[in-house]
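Beneath this line is the structure, given in structure tokens, with notes to follow.
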Amino acid sequence: PNPQVRAQAAISLTYLADPSTEDALVRALEDSEQTVRLSAARTLGNLRSQKAVKRLSEMLAAEDVTTRQAAAAALERIASHESLEPLKKASGDPDPTVRQQAVRGLASIGDKSAIDTLKARLQDAEPQVKVQAAMALGRFGDSSGLPVGFELLTSEVPLHRQQGSQIIGMLGDEA
């Protein structure tokens, strides 16, 4: 069948709310067409499918950056402890979008064993990776991200100032 039809079918399965669709979507992660694999990953993330965690974690090592991005985004939504170590590793990916998704995934999982990995991302060359790491650390009650928050307050970009305020606000009196 047409790859576009298979990709749309993968997306449409989100709305069925039928547990049997998960198995079909996990199989679709192996499809020969990238659009189908990416659609399946997005849908499995939306379904917060625990069945997909192992395969999505494996996809973080794919050569193709789009595949790694889709896998990291799906794992962020699923927030499974099983993906903790793969996301820690992906936080050092060469692609900044993968790193950012991985950091957000670590925050979503909420396991304090990710704190050292998040602290390392405070030195990231990509500003939004640093911001996400500082926000994640703030959620853990760790003040290591405060310098990033204070730096953002001086930005001319309103969104950056807002992010800085959020980081500082998470820590209350510690700031």
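Note on the range 68-77: residues that are under 16 Å from residue 48 (Cβ atoms) and either open to solvent by 10 Å² or more (accessible area, probe 1.4 Å) or in contact with a His (Cβ under 8 Å, 6 or more places away or on another chain) (or both) total 4.
Pairs linking a residue in the range 152-168 that is farther than 22 Å from residue 141 by Cα to a residue that is aromatic (Phe, Trp, Tyr) and open to solvent by 70 Å² or more (accessible area, probe 1.4 Å), with Cβ atoms under 6 Å and 6 or more positions apart or on different chains, do not occur. Just one of the listed residues (35, 66, 117) is in a helix (DSSP H, G or I), of a type in the set (Ser, Thr, Tyr) and closer than 20 Å to residue 149 by Cα, and it is 117.
Considering only residues that are closer than 20 Å to residue 89 by Cβ, aliphatic (A, V, I, L, M) and part of a helix (DSSP H, G or I), which ones fall in the range 120-150? Across the range 120-150, the qualifying residues are 120, 129, 133, 136, 137.
It is to be established whether one or more residues within the range 82-97 are on the phi > 0 side of the Ramachandran plot and surrounded by 20 or more Cβ atoms within 10 Å (Cβ to Cβ). No, the range 82-97 has no match at all. Of all the residues that make up the range 73-96, how many are within 11 Å of residue 108 (Cβ to Cβ) and assigned to a loop (DSSP other than H, G, I, E, B)? Qualifying residue count for the region: 2.
The values are calculated or read from the model by the stated rules, or taken from the named source; none is laboratory data. In this text the structure is predicted, and so the values were computed from the model without any measurement. Neighbour counts are summed over all protein chains in view; Cβ atoms, including those assigned to glycine, are modelled from backbone coordinates with ideal geometry. The accessibility values were calculated without ligands, DNA or RNA, using every heavy atom of the protein model including side chains. Shrake-Rupley method; radii C 1.70, N 1.55, O 1.52, S 1.80 Å.
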